[in-house]
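All remarks here apply to the structure that follows.
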Amino acid sequence: MRIAEAYWKRAIATFTVATVFVFAHEMKTRDSRSEASVPSITETTVLPQAGARLQFSATAYCKGETTASGVGVRTGIAAADPAILPVGSVVRLETPNPRYSGVWTVMDTGPAVRGRSVDLYLWSCKEALQFGRRKVRLTVLRLGWSPENSIPGVVDTLFRKREADAKKPAPPAAPAPAPAPGSDAAR
């Protein structure tokens, strides 16, 4: 009887340890690899507005012939996460190196471009490798294709002023001078 009693205790203990091991093995722990692949909630739900100045991470690429928008690749084209910067967006980059600062158009997407990251197309692969990964200041000039989502510029301000002036009522015209006596108009 003692052997049977010890056997059941060992069987229950073994089953309990095996169950705990299986649950512990199936549990996913948070580490840098799993967290890097999942964009944060603020990155996916908050779209930047035209005029927003944001901190982004920039890399460079040199391969490919056509972009996700169907346009051929060339300098001045950038790839971005379409959930943050949709295709057609126009951005101004400020980098420590003035060679890469300027206006870039988002015409491409990429499988590795997620979150607050832009990938700049450079013609030279050697230059793209030297570019590496760097922090940049990005200003959204236009979000997507719609001109309504553009930052107002000087020209826009001038057009609005002209339209406002056109809507103002014209000042009343001065009365016409009375005809002089003895003229043909007085008769």
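The values are calculated or read from the model by the stated rules, or taken from the named source; none is laboratory data. The structure displayed is predicted, hence computed values, not measured ones. Please note: Cβ atoms are built from the backbone with ideal geometry, for glycine as well, and neighbour counts cover all protein chains shown.
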Out of (1) part of a strand (DSSP E or B); (2) surrounded by 14 or more Cβ atoms within 10 Å (Cβ to Cβ), the one Arg114 does not meet is (1)
Do you know which of the residues in segment 130-149 that are in a helix (DSSP H, G or I) and surrounded by 12 or more Cβ atoms within 10 Å (Cβ to Cβ) is modelled with the highest pLDDT? Phe131
Filtered residues of segment 120-143 (kept if out of contact with any Cys (no Cβ under 9 Å at 6 or more places or on another chain), more than 16 Å from Leu54 (Cβ to Cβ), in contact (Cβ under 8 Å) with a residue 12 or more places away in the chain and not hydrophobic (A, V, I, L, M, F, W, C)): Gly132, Arg133
Provide a single number: the residues in segment 60-75 that are assigned to a strand (DSSP E or B) and touching a residue at least 12 places away in the same chain (Cβ under 8 Å). 2
With criteria (1) in contact with a helix residue (DSSP H, G or I) (Cβ under 7 Å, 6 or more places away or on another chain); (2) at pLDDT below 90; (3) under 21 Å from Thr75 (Cα atoms), Leu122 comes up short on (2)
With the requirement that a residue be under 20 Å from Asn97 (Cα atoms) and surrounded by 16 or more Cβ atoms within 10 Å (Cβ to Cβ), what does segment 56-80 give you? Phe56, Ala58, Thr59, Ala60, Tyr61, Cys62, Ile77, Ala78, Ala79
Exclusive hit being touching a residue at least 40 places away in the same chain (Cβ under 8 Å) and either over 14 Å from Ala50 (Cα atoms) or not acidic (Asp, Glu) (or both), set Ala112, Ala78: Ala78
All conditions in (1) surrounded by 10 or more Cβ atoms within 10 Å (Cβ to Cβ); (2) more than 15 Å from the chain's Cα centre (by Cα); (3) at pLDDT below 85 are true of Gly102 except (3)
For Leu85, are the conditions met, namely being among the hydrophobic types (A, V, I, L, M, F, W, C), in a loop (DSSP other than H, G, I, E, B) and under 15 Å from the mean Cα position of the chain (by Cα)? yes
